[in-house]
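Asker: Here's a structure for you.
FYI, it's all coordinate maths here, none of it is from the lab. All of these numbers come straight from a predicted model, not from anything done at the bench. Using ideal geometry, Cβ is built from the backbone for each residue, glycine included, and neighbour counts are taken over all protein chains shown.
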């Protein structure tokens, strides 16, 4: 959890008008008591009216409210449309986070404005996005977050099957198709893989290092200078789009 999110959660949990110990907050947020002490001290220093002390507990004085989020109608519509697209084409974890974000926004935005924006007639269909692809998307996303080497079976456009061990670097959405950018140990080079062609995706227990020439920035630099007709770096974006219709 990011520190900003953690500070927000501390304030939210103290809203109930009851005394909460540092231990209770630490357990709820899955952090150490030392982290809670530091976060509460920072909140108090920034003007949040939290009473109490270490070893006793903390209480938020009545009447304190976080500054409201004031979005323009067009901004709320953009967020709702974005959440619909994530729900249709994102992994389960990302879709759940998008839904939770809308709930939080709806709690501070005037009800009438939120309802009006929710009627925007822009939708996203996920008829081609299978549950297995969603699950693999989540696995690759976690692999990227924790820099874990990933192993999976892969079938190329011509039907050739291989087993890959990769360093996952980034995910890209091309409209109905997700791809993984990675350093491939089999090819000893960068490769891009279509998520819908990956099978039995699993994370290993091995983390990959930050090695010059194998980072995401190196991958992006290579793509920018790659021959537009193809090359060993990626199944190019043009190729991805062309193959979408035939799967």
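Asker: Out of (1) 17.0, 50; (2) 17.6, 53; (3) 22.9, 67, which label holds the value of Rg and Dmax of the Cα atoms in Å that was computed here?
Answerer: Answer by label: (3).
Asker: If you don't mind, another one. Please state the relative contact order of the chain as a whole percent: Cα pairs under 8 Å, 6+ residues apart?
Answerer: Here the relative contact order equals 12 percent.
Asker: Using a Gaussian network for the chain with springs between C-alpha atoms less than 10 Å apart, which of these wobbles most: 80, 50, 195?
Answerer: 50
Asker: Taking other Cβ within 10 Å of each residue's Cβ, how do 89, 200 sort, fewest first?
Answerer: Least to most surrounded, the residues fall as 200, 89.
Asker: With a 10 Å cut-off between alpha carbons and a GNM built on the chain, which of 73, 110, 62 moves the most?
Answerer: 62
Asker: What is the distance, in nm, between label points placed 7 Å from the Cα along the Cα-to-Cβ direction at residue 220 and at residue 38?
Answerer: Going from the residue 220 label point to the residue 38 one covers 2.9 nm.
Asker: Take the chain, connect every pair of alpha-carbon atoms lying under 10 Å apart with a spring to form a Gaussian network, then pick out the residue of 214, 72, 13 with the largest mean-square fluctuation.
Answerer: 13
Asker: Hey, what did region 3-60 get for relative contact order, percent, Cα under 8 Å, at least 6 apart?
Answerer: Over region 3-60, the number comes to 43 percent.
Asker: Here's another thing I want to ask about it. Exposure proxy check: 84, 147, 2, 61 ranked by fewest other beta carbons within 10 Å?
Answerer: Ordered by Cβ neighbours within 10 Å, fewest first: 2, 61, 147, 84.
Asker: Among 186, 20, rank each residue by its count of other Cβ atoms within 10 Å, from fewest to most, as a rough exposure measure.
Answerer: 186, 20
Asker: Here is a follow-up. How many angstrom lie between the Cα centre of region 149-185 and the Cα centre of region 1-49?
Answerer: 40 Å
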